[in-house]
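**Student:** Before I ask anything, let me first share the structure, which is written out below as structure tokens.
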Amino acid sequence: LFTRLLYLPVKKRDSNFSNRTFTKINVYEAQHLNSCSDLGLEEVNIIKQMASTLTVKVHPVVYLTIVDAFERRSNKPGANDKALGTLMGFYEKNAIQVTNCYAIPFREQKEDTPELDDGFNQTMLMMMKRATPSEQPVGWFYTNADLSIHCLPYHDYYNRLISESSAKKEPPPVILLTVDTTFNSSDENYRMPIRAYLRIKAGIPGTRDPHCAIFNPLKVEFDAFPGEGVALSLVQSGTAYSNKQREVVLENGLEQLEKSTGEMIIWLERLLKYVNEASLGCYLFSIMLIQTESFSAFHEVLEKPELPVDSSFGRRVMDIVSTAATHMSDEKLDVLVKTSLRDYMMISYLASLTKTQLSLQERLVAL
């Protein structure tokens, strides 16, 4: 999906740098911070273990926004050929959820000091917090294949920004998410190489101040909320090879409900098959057959190969069964389903009636 998004025709948006106020980012001892050749192998391994437990979970909206920002970059001569922006999300235990992001204007030349629009970033950050108070800045993204010398001042800027916005005494970890839009990586085939880093200061044991910094790679996982998963599945259905027009037709409410119910029945049948073929299911089923004096079927069950028993899976199934059995009776469930279906049909009818009235009004106005 993300590979094909790179070649979608979108409108280019040129950034007007003349009307913006850029903030210069000071590079403090960048040459010293970029070199850690004095560290031994033992010290480097200790630093890697410190951040090895942290996982970055990126949502699909973030990937789509980064691709859109890269496609909308300026095509003027001498302009930036990269995209840079702020990552929004929240912190969990041993994980960072990256749920949203936005791009910010910046200037980057090989010899000059990099600059970015701090006012634009502060305004966007304030708007994002008003829209979603649960999200906070957790890092920044950069569409570059490798880490460059400019990553140091950018990371220092976001360290100060996130430390000031955080209410905790200790500053939270700031991550760097790099996206290789050139597909030069040989490790990832037919996919967009995504990497996450956490910068850790280091130095020689026995010295007081650190003299270098290491961008330690982190584990990146793809995560999505239930609503995002449904939308992503719908978008992926339009990228099939047979769909030459690259279009997706939205189904009506009743058709979508029927499709979801059919998928639920298929999953219930697969779950029932697994339980029957597992050792616990075969044991219960065998006792039932003995009570009914069906010895031929009993021998057939015993001859079937047993599946390995997963205790965690069994506990989840037990929780589902106990919840369905204790919290809702059959009569109440039947009434609830019928009432919900009637309400849904009424809403669908009113929506179609409103659509018809609007179409008639448009035709009358056109006359």
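**Student:** Within segment 212-234, how many residues are more than 14 Å from Tyr63 (Cα to Cα) and either in a strand (DSSP E or B) or in contact with a Phe, Trp or Tyr (Cβ under 7 Å, 6 or more places away or on another chain) (or both)?
**Tutor:** 8
**Student:** Could you list all residues from segment 139-182 that are free of Cβ contacts under 8 Å to residues at least 40 places away in the same chain, in contact with a Phe, Trp or Tyr (Cβ under 9 Å, 6 or more places away or on another chain) and part of a loop (DSSP other than H, G, I, E, B)?
**Tutor:** If the condition is that a residue be free of Cβ contacts under 8 Å to residues at least 40 places away in the same chain, in contact with a Phe, Trp or Tyr (Cβ under 9 Å, 6 or more places away or on another chain) and part of a loop (DSSP other than H, G, I, E, B), then Ser148, Val174 are the ones that fit.
**Student:** For residues that are modelled with pLDDT under 90 and closer than 20 Å to Ile214 by Cα, scanning just segment 162-179, find the one that is surrounded by the fewest Cβ atoms within 10 Å (Cβ to Cβ). Break it down into steps so the answer makes sense when it comes.
**Tutor:** First, the residues of segment 162-179 that are modelled with pLDDT under 90: 162-173, 179.
Next cut, closer than 20 Å to Ile214 by Cα only: 162-163, 170-173, 179.
Details: Ile162: 19, Ser163: 13, Glu170: 7, Pro171: 12, Pro172: 17, Pro173: 18, Val179: 23.
Selected residue: Glu170.
**Student:** Grab the helices (runs of 4 or more DSSP H) fully contained in segment 283-367, keeping just those with 3 or more residues being at pLDDT 75 or above and either more than 40 Å from the chain's Cα centre (by Cα) or of a type outside the set (A, V, I, L, M, F, W, C) (or both). Can you show your working first?
**Tutor:** Numbers: elements: 295-303, 311-326, 330-366.
Once the helices (runs of 4 or more DSSP H) in segment 283-367 are filtered for at least 3 residues that are at pLDDT 75 or above and either more than 40 Å from the chain's Cα centre (by Cα) or of a type outside the set (A, V, I, L, M, F, W, C) (or both), what remains is 311-326, 330-366.
**Student:** Restricting segment 111-138 to residues that are part of a helix (DSSP H, G or I) and of a type in the set (Gly, Ala, Ser), which is surrounded by the fewest Cβ atoms within 10 Å (Cβ to Cβ)? Full working, then the answer.
**Tutor:** Step one: of segment 111-138, the residues part of a helix (DSSP H, G or I) are 118-131.
Applying the additional criterion that residues be of a type in the set (Gly, Ala, Ser) yields 119, 131.
Working: Gly119: 13, Ala131: 10.
Checked segment 111-138; the qualifying residue surrounded by the fewest Cβ atoms within 10 Å (Cβ to Cβ) is Ala131.
**Student:** Let me ask something additional. Out of all the residues in segment 93-110, is one or more part of a loop (DSSP other than H, G, I, E, B), among the acidic types (Asp, Glu) and free of Cβ contacts under 8 Å to residues at least 60 places away in the same chain? Working first, answer last.
**Tutor:** Taking segment 93-110 and keeping what is part of a loop (DSSP other than H, G, I, E, B), we get 93-94, 104-105, 108-110.
So of that shortlist, the ones also among the acidic types (Asp, Glu) come out as 108.
If we keep only those that are free of Cβ contacts under 8 Å to residues at least 60 places away in the same chain too, we end up with 108.
Looking through segment 93-110, at least one residue is part of a loop (DSSP other than H, G, I, E, B), among the acidic types (Asp, Glu) and free of Cβ contacts under 8 Å to residues at least 60 places away in the same chain.
Every residue, every condition in (1) surrounded by fewer than 17 Cβ atoms within 10 Å (Cβ to Cβ); (2) at pLDDT 90 or above; (3) touching a strand residue (DSSP E or B) at 6+ places or on another chain (Cβ under 9 Å); (4) assigned to a helix (DSSP H, G or I), yes or no:
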site: Gln49; (1), (2), (3), (4): yes, no, no, yes
site: Lys57; (1), (2), (3), (4): no, yes, yes, no
site: Ile66; (1), (2), (3), (4): no, yes, yes, yes
site: Arg73; (1), (2), (3), (4): no, no, yes, no
site: Pro77; (1), (2), (3), (4): yes, no, no, no
site: Asn80; (1), (2), (3), (4): no, no, yes, no
site: Leu87; (1), (2), (3), (4): no, yes, yes, no
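**Student:** Within segment 183-207, track down each residue that is modelled with pLDDT of 75 or more and under 21 Å from the mean Cα position of the chain (by Cα).
**Tutor:** Pro193, Ile194, Arg195, Ala196, Tyr197, Leu198
The values are calculated or read from the model by the stated rules, or taken from the named source; none is laboratory data. Just so you know, these numbers come straight off a predicted model, no measurement behind them. Neighbour counts run over all protein chains shown; Cβ positions are idealised from the backbone, glycine included.
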